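To keep things clear, I will list the structure first and then write my remarks on it.
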Amino acid sequence: MTTTRKGLEVSLGRRLFLVTALSMLVAAALSILTTITQYENQLQPFILAKTESVALKVRNDIEYALSIGVPFDKLRGVDKFVSDLTEVHPELSLIEVQPGPMPAEAGSTGAEPDTFAASLLHGLNAVLAIVSGQTYGATQATAEIMFEGQAVGHVIAHTDPAYVVAQMQSVFFDSVVILMAVTLVAVEIVVVLTGFSITEPLRKVERAIRLRASGDLGLYENSARDTLPKRFIDGLNAMNDALADQVAALRQAGARMVDHLAERYHLDRRVVPSEATIIDARIPLFVFCVAEELQKSFLPLFVAEYYQPTDFFEKSIMVGLPISCFMFVIAAITPFAGGLVDRFGNRRLFLVGLLPALAGYVGCYLARSADDIVIARSITALGYAIITISAQSYIAAILTKENRAKGMAIFVGVLMAATMCGTAIGGILADWLGYKQVFLVSIGLASLAGVLGFVMLSRDVGAAAAAKKPAGAGSAIATLMRNSRFVLIVLFCAIPAKIILTGFLYLFVPIYLASLEASQSEIGRIMMLYSLIIIPISPVASHFADRLNRNLAIVIGATIMSGIVLMGLYQSATVAAVLAVVAALGVVHAFIKAPLIVAAMEAAEQSPDITRTSALSLLRTSERIGSVAGPVLVAAMLVRLDYQTTAALLGLGISAIGLVMALISIFGSKPEVADA
């Protein structure tokens, strides 16, 4: 019966997901189509009006020359004049000045559709042209050059269809990104609201009914919110209380035979309601991480814009220093995570971490030099480390052995979803508002996260926890350092993966795309693609690794492939090439994340008295070395090398490291490479 019920739940869940997904796709398609149609209807007349203004300017200047006695056929410098105008106005592709009257077929084109159906059809054609990169909607404006009442020449100004497509593409992809971000936010909110209002109360009702059906008449766990499920469980508890009172009365009367009944039916059990769940920390963590990720797509460009000759280092180093300092502070704080949680509790620690985070955002908004940005980002890192530690330990504290992996997967999923939303939305906001204004948005979102954390996080979780350290915890690091397989995984797989993430994706990609004249919105969208690909592929990669049961081999292969992917940028100086490399990198790194943790844990198990928690903590701390080194390494390479050579050499180095690890695994000692 239980199997049937679970199968029914899965079937209903899949149908609900399918219906929801289809509804969202239809709504998104209609929204994008309407947006493109309305934008085009506004853009085309504006461009046509500007084209006409330029044509009139050329005509007026030539007519002025004619009025002072310069014959039309003796005009000089006209080609240079119209060429300069074309460069100043990117909307124009060509300005022609021809002798004689204007041909009858020449004139302005580009009439708007006059019906709603025609407008939608035109919008659909526009979307197809945008996706395919085709030009459409070309227009031109004309003006006759008059002298003494006769037409001696004419001007034809042509709009650039590619410019129109570029503007429409920007709106189209911004709309797609915003819809995706809103979808993720909606999913997070729906999950939390459903959990609070439906899932958890019904689970407690189901648990109470099962206990009662099995003969358990103790008190059942309940929630504090006044809902129908709560009132139902209150009724059951009231009946159980009445039985417990009767048993207590019989005991006082000397009837000892009721002790057996009380033990059999658990009448003496009094459960303290436990309201803390995984979803308590989900929304506050998600909102704060979105606030933090907003600056990812433009931070190097922001530093470069405010660089001063008096800053700590030269410009090429300074652009990567905020990222390195950010990661270094996180690495320095991580080992003290347990002590901070034990001292303050998870909820209080979450709120305390907001203070340095907000101070860092304010510092970035008020920054006047790259030095100020480095200091502000270091302060923000302190808050980020404290808040993520608080949320992770909050989730870990309320998990059981049965759902620990699922709970940690939720934690990682929230971070990845927030990274995707924040990176893309931050790029769009920076394009619309400017760099500093984005930090004002971060301040608002971080403040909202604080309010949500204060309301949703339970004050009991982690308070006065006084967690006991396992025996030999102080020597765990020294023990793992003697585990050659664990050390090799960290040095040759974990650290290179982080070097690519922070050095290439967070530093190299924004700077390189800016040099290719990509807009800030485009940079954000391309960087978002990394997380967007990892989110769906990572579970598939993990399932593949579990079935193959060769985690280390998969990690080594993915490390080598990540280096090969970077070499794809050599002699490919286009935005499309960067897009392809980022997408491929997302696929490859999806095969590193989960298998890397499993391979490291398997290696750690070969050392006696080492818990998985200790090994995971050391792995995460060691990964920060790559996070710190990545931006500095890439920035130093860019001092001497061009972008393409830097990417190629970085990829070659990562692939070489992976090959060395492969050789060690193949020819090393058999016990250490059993799964390779």
(request) Mind giving me the FRET efficiency for residue 482 and residue 81? R0 is 51 Å, r the Cβ-Cβ distance, nearest 0.05 is fine. (result) 0.10
(request) Would you mind putting 322-328, 237-243 in packing order, based on average other-beta-carbon counts within 10 Å, highest first? (result) 322-328, 237-243
(request) Once you've got the Cα coordinates, tell me which of 296/498; 50/436; 436/498; 315/498 are over 21 Å apart. (result) 50/436; 436/498; 315/498
(message) Please report the carbon-and-sulfur percent of the accessible area for the range 488-599; probe 1.4 Å, protein heavy atoms only, DNA, RNA and ligands left out.
(response) 68 percent
(request) Take peptides 415-425, 306-316 and line them up by average Cβ neighbours within 10 Å, highest first, as a rough protection proxy. (result) 415-425, 306-316
(request) Provide the gained length on full extension for the span residue 67 to residue 148, in nm with one decimal, where the gain is 0.36 nm per separating residue minus the Cα-Cα distance. (result) 28.3 nm
(message) Taking the full set of protein chains and a 1.4 angstrom probe, give the accessible area of residue 256 in square angstrom, rounded to the nearest 10.
(response) 150 Å²
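The values are calculated or read from the model by the stated rules, or taken from the named source; none is laboratory data. Just so you know, these numbers come straight off a predicted model, no measurement behind them. Note that we place each Cβ from the backbone using ideal geometry, even for glycine, and neighbour counts take in every protein chain shown. The area values use the complete protein model at the heavy-atom level, side chains included, leaving out ligands, DNA and RNA. Shrake-Rupley method; radii C 1.70, N 1.55, O 1.52, S 1.80 Å.
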